[in-house]
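Everything below concerns the one structure shown next.
The values are calculated or read from the model by the stated rules, or taken from the named source; none is laboratory data. Source: prediction; values computed, not measured. Positions of Cβ are generated from backbone atoms using ideal geometry, with glycine treated the same way; all protein chains shown enter the neighbour counts. Heads up: the accessible areas ignore ligands, DNA and RNA and are worked out on the full protein's heavy atoms, side chains in. Shrake-Rupley method; radii C 1.70, N 1.55, O 1.52, S 1.80 Å.
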Amino acid sequence: MHHRVVRLRIVGVVAGAAAAASVAVVALASTSAAGLPASTEGYRDWPRINEKPVTRCGPPCAHSGVKNVYASRRKVGARYPNGTVIVKTVAQSGDRASRPNQVAVMRKANDRWRYVEYVLSGSRYTVLAQGQLCQSCHARARANDYVFTTR
């Protein structure tokens with residue numbers, strides 16, 4: 001009986017370690033080499049939802065600079081479908097077009113948006129802000145499914 005209990009505990013520890021390792025692999029695989037979420041790959045090929053680059057800031061003004069906004073899916077009626085990813089790039093004048101200094105990402109799941117803003121730090125993007133900080137500002141665009149760009 002003692003050996004059986006020990007064996008079950010060992011199996012439990014090994015299974016737990018395997019699960020933790022698989023979560024770590026998925027977490028690493030879910031970001032690109034540059035630090036942005038994998039769900040943003042190819043965003044420059046998505047439809048741009050602003051007619052021309054936005055240079056005006058606010059109110060509100062959380063992202064000053066030259067902005068372009070891309071959506072992975074089009075609206076269905078007045079709302080974006082679940083699974084939609086919206087990417088807003090923010091470049092300062094003189095920035096290389098291929099490397100905006102800020103990238104804000106919205107991803108819709110279960111009819112709720114998740115927000116993360118990244119800043120270029122060297123050659124990688126790192127998280128600058130996320131969650132409620134972003135949501136409190138985007139609440140002002142509730143009538144447009146929390147997206148400020150109306151097109």
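A few comments on the model shown:
- Label point at Arg112 placed 7 Å out along Cα→Cβ; residues across region 132-151 whose backbone nitrogen lies under 16 Å: 132-139, 146
- Sequence of Asp111, Asp45, Asp145 when ordered by accessible area, the most exposed leading, probe 1.4 angstrom: Asp45, Asp111, Asp145
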